1. What pairs can you find where one residue is in segment 35-55 and closer than 16 Å to Met65 by Cβ and without any contact (Cβ under 8 Å) to a residue 40 or more places away in the chain, the other is of a type in the set (Ser, Thr, Tyr) and assigned to a loop (DSSP other than H, G, I, E, B), and their Cβ atoms are less than 6 Å apart, with a gap of 6+ or different chains?
2. Could you identify the single residue in Ser45, Ser37, Ser17, Ser64 that is more than 16 Å from the chain's Cα centre (by Cα) and at pLDDT 75 or above?
3. Would you pick out the residues in segment 39-61 that are surrounded by 13 or more Cβ atoms within 10 Å (Cβ to Cβ) and within 8 Å of the ligand (Cβ to nearest atom)?
4. Restricting attention to segment 28-38, which residues are among the hydrophobic types (A, V, I, L, M, F, W, C) and near the ligand (Cβ under 8 Å from one of its atoms)?
Amino acid sequence: MKYLLILLFLINIPAPSSTNLVSDGYVWICTGKAAYSYHNNRNCSGLNRCKASIKKVTLEKALSMKRTACDICYKN
Ligand SMILES: [Zn+2]
């Protein structure tokens with residue numbers, strides 16, 4: 001009987017909630033000197049203006065570089 005209760009308890013463990021708000025924790029940045037924002041979309045028109053290279057970094061890294069969210073791809 002005790003074993004059955006343990007089994008029921010194990011089955012009732014909730015599935016990990018899936019949050020799609022942050023894609024995978026990565027953002028795109030332009031490495032140019034004048035660039036000041038990070039993007040959630042590699043094809044953002046803000047990134048198209050980038051004359052330096054485009055890098056994929058973690059959001060944490062982008063924030064540590066004093067980047068702010070891009071007005072174009074984060075406006076919704
Ligand atoms: Zn953008």
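The values are calculated or read from the model by the stated rules, or taken from the named source; none is laboratory data. No experiment lies behind these values; they were computed from the predicted model shown. Cβ placement follows ideal geometry from the backbone for every residue including glycine, while neighbour counts extend to all protein chains displayed.
1. Ala52/Thr31; Ser53/Thr31; Lys55/Thr31
2. Values: Ser37 fails: more than 16 Å from the chain's Cα centre (by Cα); Ser17 fails: at pLDDT 75 or above; Ser64 fails: more than 16 Å from the chain's Cα centre (by Cα).
Unique residue meeting the criteria: Ser45.
3. Listed by number, the residues that qualify are His39, Asn40, Asn41, Cys44, Gly46, Leu47.
4. Residues of segment 28-38 among the hydrophobic types (A, V, I, L, M, F, W, C): 28-30, 34-35.
Residue satisfying the conditions is Trp28 alone.
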